[in-house]
Amino acid sequence: MDKFVIRGGIPLHGTIETSGSKNSALPALAAALLTEEPMLLHRIPRVRDIKTMQRLLVDIGSKIEVKGDTVCLDTPRIVSPEAPYELVKTMRASSLVLGPLVARAGRARVSMPGGCAIGARPIDFHLNGLEQLGAKINQEHGYIEAQAADGLRGALIKFARITVTGTEDLLMAATLARGETVLENAAREPEVVDLAELLIKMGAKIDGAGTSTIRIQGVAKLHGTPKGGHTIIADRIEAGTFLIAAAITGGDVKVTHCVPEHVRALIAKMQQAGVEITEPDASTVHIRSSGKLRAVDMTTEEYPGFATDLQAQYMALMTQAEGISIITETIFENRFMHAQELARMGAKIRLDGRQAIIAGKSDLTGAGVIASDLRASASLVLAALVAKGETVIDRVYHIDRGYEKIESKLSRAGASVRRVE
């Protein structure tokens with residue numbers, strides 16, 4: 001099992017390039033199941049979750065060719081419309097194949113995802129929506145079986161709570177349903193918009209992506225991507241992580257190939273904290289930090305609010321800010337597990353339900369810590385970059401799920417980060 005060994009206290013300087021979005025690439029890959037024609041996707045990040053999804057699609061019947069960050073998928077027929085527990089347990093986004101399989105093959109058998117370290121991620125939204133589209137759902141032996149032998153039909157679906165994967169799953173299913181489907185209280189995240197744009201290139205009729213109401217006019221068949229394919233958007237969570245890395249170390253860094261508007265909520269908080277931020281062009285954010293930070297409260301919200309996937313990283317930043325800051329987590333009920341590991345490094349954090357109270361500035365010191373989930377592992381890397389001495393982070397397979405060679409990118413900006421087996 002790999003570990004990171006990080007020596008802190010080095011300000012970052014230079015340029016860090018953002019990869020394509022993992023959370024956008026996963027539904028884009030699943031969309032290949034909607035058509036029998038080839039699909040070409042560019043800027044697919046080479047991370048563990050993507051490899052898991054590709055394995056699942058091959059089992060279902062896809063032929064996949066990977067060249068760098070370009071992936072060509074061809075699914076002329078569905079061989080086995082099933083997502084087994086062995087794959088779903090390692091990546092909950094595997095449930096994204098549910099809607100496309102039912103829409104195209106008329107049936108799907110997908111393992112229940114089970115527990116999640118950061119809290120409940122109910123799949124009920126997916127299932128209720130598919131039932132409203134006409135699918136018959138049965139749950140037994142840990143699997144969900146969905147059938148729609150006569151195809152799906154359009155419906156009005158109002159989500160009881162905003163759900164990104166639920167919106168994406170039902171958006172894909174509705175493209176092949178008869179008639180009109182309306183998704184109300186839909187997620188507005190950039191990843192949903194990117195998926196909609198891909199589906200439109202494939203012949204889907206979609207209006208309203210990026211708003212809380214999405215309308216889909218079902219079509220009989222989708223084709224593959226145009227000759228040039230589809231390019232995945234930049235990973236806003238990776239970009240945000242690098243912005244915080246520059247700020248926490250007192251560095252001078254340009255984060256490139258990103259979309260500043262997608263991290264606007266984070267930029268606003270960092271500016272309030274005293275970080276100098278400019279945008280030299282439409283795809284670059286330039287951070288200059290003296291290392292002198294002010295405490296700023298933050299509450300996670302659905303997009304365009306502050307992303308829950310950046311909460312752990314922001315907590316690491318606030319350990320270096322002067323004063324008391326309060327972080328309120330509204331999306332997941334158990335997403336403060338990194339606080340205990342940060343405390344091992346010297347952070348002063350008190351938890352009170354869904355709030356974390358951070359007293360700064362803390363003099364962090366290197367320690368042995370354990371990553372509990374993807375974003376928690378990123379917060380430990382950030383803390384280690386500013387800590388005195390050497391930090392050893394165990395279970396970095398968590399960070400490999402969503403960050404493409406993060407140790408190499410940080411090292412090129414001057415950080416002392418090495419991977420050891």
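Being small (Gly, Ala, Ser) and in contact with an Asp or Glu (Cβ under 6 Å, 6 or more places away or on another chain) is the filter here, so list the residues in segment 302-343 that pass it.
The answer is Ser325, and nothing else.
Just one of the numbered conditions (1) in contact (Cβ under 8 Å) with a residue 60 or more places away in the chain; (2) surrounded by fewer than 24 Cβ atoms within 10 Å (Cβ to Cβ); (3) not small (Gly, Ala, Ser) is not true of Leu293; which one?
With respect to (1) in contact (Cβ under 8 Å) with a residue 60 or more places away in the chain; (2) surrounded by fewer than 24 Cβ atoms within 10 Å (Cβ to Cβ); (3) not small (Gly, Ala, Ser), Leu293 is out only on (2).
Look through segment 176-208, keep the residues that are closer than 19 Å to His126 by Cβ and of a type in the set (D, E, K, R), and return whichever of them is farthest from the chain's Cα centre (by Cα).
Selected residue: Glu184.
Of all residues being hydrophobic (A, V, I, L, M, F, W, C) and in contact with a helix residue (DSSP H, G or I) (Cβ under 8 Å, 6 or more places away or on another chain) in segment 134-156, which is nearest to Ala83 (Cα to Cα)? Just the residue, please.
So in segment 134-156, the residues hydrophobic (A, V, I, L, M, F, W, C) come out as 135, 137, 144, 146, 148-149, 152, 155-156.
Going one step further and asking which of them are in contact with a helix residue (DSSP H, G or I) (Cβ under 8 Å, 6 or more places away or on another chain), we end up with 135, 137, 144, 146, 148, 152, 155-156.
Details: Ala135: 18, Ile137: 15, Ile144: 10, Ala146: 12, Ala148: 17, Leu152: 20, Ala155: 26, Leu156: 27 Å.
Once the filter is applied, the top-ranked residue is Ile144.
Would you say Arg107 is among the charged types (D, E, K, R) and at pLDDT 95 or above?
Working: among the charged types (D, E, K, R): yes; at pLDDT 95 or above: yes.
Considered against the rule, which asks whether it is among the charged types (D, E, K, R) and at pLDDT 95 or above, Arg107 comes out as yes.
For segment 102-112, check the following and say yes or no: at least one residue is surrounded by fewer than 16 Cβ atoms within 10 Å (Cβ to Cβ), outside the structural domain of Phe332 (by TED's automatic domain parsing), in a loop (DSSP other than H, G, I, E, B) and of a type outside the set (A, V, I, L, M).
Looking for residues that are surrounded by fewer than 16 Cβ atoms within 10 Å (Cβ to Cβ), outside the structural domain of Phe332 (by TED's automatic domain parsing), in a loop (DSSP other than H, G, I, E, B) and of a type outside the set (A, V, I, L, M), one finds none in segment 102-112, hence no.
Those residues that are among the basic types (Lys, Arg) and within 16 Å of Leu380 (Cβ to Cβ), I need them from segment 324-356; list them, please.
If we filter segment 324-356 for residues that are among the basic types (Lys, Arg), which is where we start, we get 335, 344, 348, 350, 354.
Residues satisfying the conditions are Arg335, Arg344.
Report the residue count in segment 363-390 for those that are over 18 Å from Met318 (Cβ atoms) and either of a type in the set (Val, Ile, Thr) or not assigned by TED's automatic domain parsing to the domain that holds Glu329 (or both).
1
Search segment 307-323 for residues that are in the same structural domain as Lys292 (by TED's automatic domain parsing) and of a type in the set (Gly, Ala, Ser) and pair each with any residue that is modelled with pLDDT of 95 or more and part of a helix (DSSP H, G or I) when their beta-carbon atoms are under 6 Å apart and the residues are at least 6 apart or on different chains.
Pairs that qualify, where the first residue is in the same structural domain as Lys292 (by TED's automatic domain parsing) and of a type in the set (Gly, Ala, Ser) and the partner is modelled with pLDDT of 95 or more and part of a helix (DSSP H, G or I), are Ala312/Ser379; Ala316/Ser379; Ala316/Leu382; Ala316/Ala383.
Could you grab me the full set of residues in segment 120-161 that are in a helix (DSSP H, G or I) and more than 26 Å from Val219 (Cβ to Cβ)? Can you show your working first?
So in segment 120-161, the residues in a helix (DSSP H, G or I) come out as 124-132.
Matches in segment 120-161: Asp124 only.
In segment 324-356, what count of residues is obtained for those that are touching a residue at least 24 places away in the same chain (Cβ under 8 Å) and farther than 30 Å from Ala160 by Cα? Let's see the steps before the verdict.
Filtering segment 324-356 down to residues touching a residue at least 24 places away in the same chain (Cβ under 8 Å) leaves 324-335, 337-339, 341-342, 344-349, 354-356.
With farther than 30 Å from Ala160 by Cα added as a condition, the list becomes 324-325, 339, 341-342, 344-349.
Residues meeting the conditions: 11.
Count, please, the residues in segment 242-299 that happen to be among the basic types (Lys, Arg) and within 24 Å of the chain's Cα centre (by Cα).
Step one: list which residues in segment 242-299 are among the basic types (Lys, Arg), which gives 254, 264, 269, 288, 292, 294.
Subsequent filtering for residues that are within 24 Å of the chain's Cα centre (by Cα) retains 254, 264, 269.
Here the count works out to 3.
If Leu87 satisfies all but one of (1) of a type in the set (A, V, I, L, M); (2) at pLDDT 95 or above; (3) not in a loop (DSSP other than H, G, I, E, B), what's the number of the condition it fails?
(2)
For segment 334-403, which fully contained strands (runs of 3 or more DSSP E) count at least 1 residues that are touching a Lys or Arg at 6+ places or on another chain (Cβ under 9 Å) and at pLDDT 95 or above?
Values: elements: 348-352, 355-360, 368-370, 390-394.
Fully inside segment 334-403 and qualifying: 355-360, 368-370, 390-394.
Consider Thr284 carefully, then state whether it is modelled with pLDDT of 95 or more, within 30 Å of Arg104 (Cβ to Cβ), not hydrophobic (A, V, I, L, M, F, W, C) and not assigned by TED's automatic domain parsing to the domain that holds Asp69. So that I can check it myself, show each step before the final result.
On the way: modelled with pLDDT of 95 or more: yes; within 30 Å of Arg104 (Cβ to Cβ): no; not hydrophobic (A, V, I, L, M, F, W, C): yes; not assigned by TED's automatic domain parsing to the domain that holds Asp69: yes.
So Thr284 does not fit the description; no.
Can you find a residue in segment 58-72 that is assigned to a helix (DSSP H, G or I), farther than 17 Å from Asp235 by Cα and free of Cβ contacts under 8 Å to residues at least 40 places away in the same chain? Reasoning before the result, please.
The first filter runs over segment 58-72 and keeps only residues assigned to a helix (DSSP H, G or I), leaving 58-60.
Add one more test, that the residue is farther than 17 Å from Asp235 by Cα, and what stays is 58-60.
If we keep only those that are free of Cβ contacts under 8 Å to residues at least 40 places away in the same chain as well, we get 58-59.
Yes, the conditions are met somewhere in segment 58-72.
Looking at this structure, is Thr181 touching a helix residue (DSSP H, G or I) at 6+ places or on another chain (Cβ under 6 Å), assigned to a strand (DSSP E or B), in the same structural domain as Glu37 (by TED's automatic domain parsing) and among the polar types (S, T, N, Q)? Talk me through it step by step, then tell me what you get.
Values: touching a helix residue (DSSP H, G or I) at 6+ places or on another chain (Cβ under 6 Å): yes; assigned to a strand (DSSP E or B): yes; in the same structural domain as Glu37 (by TED's automatic domain parsing): yes; among the polar types (S, T, N, Q): yes.
The answer is yes for Thr181.
Which condition from (1) buried (at least 23 other Cβ atoms within 10 Å of the Cβ); (2) under 26 Å from Val259 (Cβ atoms) is the one that Phe159 breaks?
Going through (1) buried (at least 23 other Cβ atoms within 10 Å of the Cβ); (2) under 26 Å from Val259 (Cβ atoms) one by one, Phe159 breaks only (1).
The values are calculated or read from the model by the stated rules, or taken from the named source; none is laboratory data. All of these numbers come straight from a predicted model, not from anything done at the bench. All Cβ positions, glycine included, derive from the backbone under ideal geometry; neighbour counts span all protein chains shown.
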